[in-house]
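The structure appears below as structure tokens.
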Amino acid sequence: MQKIKNILVAKNYNVLDHSQWYNDKSNDKDLEHNYNIMEDIMVASAKKYLQDLDDIVIHRGMCDNIRTVFKDHFFEIYELWKTGANILYVDLDVMFLKPVNIFGKFDYFAMFNLTDPPSVYDTYYNLKFDPYFNCGIRYYPHNLTQSVWDTGIAYFKNNYNKGRWDSEQLIYNAMMWSQTKTENNAEIMRTLEEYLHPELAYQLIADLPISNNFNKINFNDAKIVHLHGSRNNSNRKQIMQDIWRIHESNTQI
């Protein structure tokens, strides 16, 4: 039997209009430079700590704005998944800080941790999620049910709202919460306890020293950390560098 390939995927597009980020970054001259540094740290940490990794794919290209990137990249991941691979997607502002084994451990689409704020109601889609998961780290098993993809395709292809920054996150939550499993010969929804693994997607919103209690775990117990670079890419890039430097010297933060 042919081995299922395990692929880490990220995206680093050239964007023409930087006004459509979480906040307007049109005057941010270091944006691309900062994200390239984040990419280097993310890749180096993945190579060191992400177990059973076969390949790293960074999708690149040119796009009008970042919200179009979100839509286009959904379909890039979908086409790659159809080759029969397990895929772990991470944003560039993500770091792997401990040995971690995700590939083959989940048979469903997963995101692992809540976002900030941890609940949402959107009138455009008439969607409400409480809890609301962050989409910066996503796992797609090779045997993911097609109906889960179809939920995302329906939104991205036919009704994608570029007027909202986190429309992709709403769609990924719709995909995740659409999943069911069979238990005692009955089809039931998957639970929060199955999805919630904060050590696999620690949301680092605070600055150093670490004082972030949002995740219900200590930072030193985190295996993967997401630093929310869209809020302040220069600050988050520097924190990634500081964490990696301290971490590689085996000093506790």
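The values are calculated or read from the model by the stated rules, or taken from the named source; none is laboratory data. The structure presented is a predicted model; accordingly, all values stated were derived computationally and were not measured. All Cβ positions, glycine included, derive from the backbone under ideal geometry; neighbour counts span all protein chains shown.
Within the range 69-104, the residues that satisfy the criterion of being under 26 Å from residue 240 (Cα atoms) and of a type in the set (Val, Ile, Thr) are 69, 77, 87, 90, 94, 100, 102. In the range 86-132, of all residues being over 25 Å from residue 48 (Cα atoms), surrounded by 16 or more Cβ atoms within 10 Å (Cβ to Cβ) and β-branched (Val, Ile, Thr), the one that is nearest to the chain's Cα centre (by Cα) corresponds to 115. Residues that are over 15 Å from the mean Cα position of the chain (by Cα) and in a loop (DSSP other than H, G, I, E, B) within the range 166-204 comprise 178, 179, 184, 185, 190, 191, listed in sequence order.
Would you say residue 151 is of a type in the set (S, T, N, Q), surrounded by 18 or more Cβ atoms within 10 Å (Cβ to Cβ) and modelled with pLDDT under 95?
So residue 151 does not fit the description; no.
Of all residues in the range 101-117, those being assigned to a loop (DSSP other than H, G, I, E, B), closer than 17 Å to residue 215 by Cβ and touching a residue at least 24 places away in the same chain (Cβ under 8 Å) number 5.
Cβ separations smaller than 6 Å between residues 6+ apart or across chains give the following pairs from the range 24-46 residues that are farther than 22 Å from residue 57 by Cβ and free of Cβ contacts under 8 Å to residues at least 12 places away in the same chain to residues that are of a type outside the set (A, V, I, L, M, F, W, C) and loosely packed, with under 13 Cβ neighbours inside 10 Å: 26/19. Somewhere in the range 196-216, is a residue farther than 23 Å from residue 94 by Cβ and in contact with a helix residue (DSSP H, G or I) (Cβ under 9 Å, 6 or more places away or on another chain)? No, that holds for no residue. If the condition is being closer than 20 Å to residue 223 by Cβ and either polar (S, T, N, Q) or touching a Pro at 6+ places or on another chain (Cβ under 9 Å) (or both), then the range 39-76 contributes 45, 48, 49, 50, 51. Of the residues making up the range 8-54, just one is crowded, with 18+ Cβ neighbours inside 10 Å, assigned to a strand (DSSP E or B) and out of contact with any helix residue (DSSP H, G or I) (no Cβ under 7 Å at 6 or more places or on another chain), namely 50.
Selection of first residues in the range 127-144 that are assigned to a loop (DSSP other than H, G, I, E, B) and of second residues that are hydroxyl-bearing (Ser, Thr, Tyr), restricted to Cβ pairs under 6 Å at least 6 apart or on distinct chains, gives the following pairs, ordered by first then second residue: 130/119; 132/115; 132/119; 134/115; 135/172. The residue that is nearest to the chain's Cα centre (by Cα), among those in the range 205-242 that are part of a loop (DSSP other than H, G, I, E, B), aliphatic (A, V, I, L, M) and modelled with pLDDT of 90 or more, is 227.
Output the qualifying pairs, or none if there are none: Cβ atoms under 8 angstrom, residues six or more apart or on different chains, first residue in the range 235-253 and within 28 Å of residue 32 (Cα to Cα) and among the aromatic types (Phe, Trp, Tyr), second residue surrounded by 14 or more Cβ atoms within 10 Å (Cβ to Cβ) and modelled with pLDDT of 80 or more. As it stands, the answer is 244/41; 244/44; 244/45; 244/95, since those pairs meet every condition given. Restricted to the range 62-100, and to residues there that are in contact with a strand residue (DSSP E or B) (Cβ under 7 Å, 6 or more places away or on another chain) and in a loop (DSSP other than H, G, I, E, B), the residue that is nearest to residue 200 (Cα to Cα) is 97.
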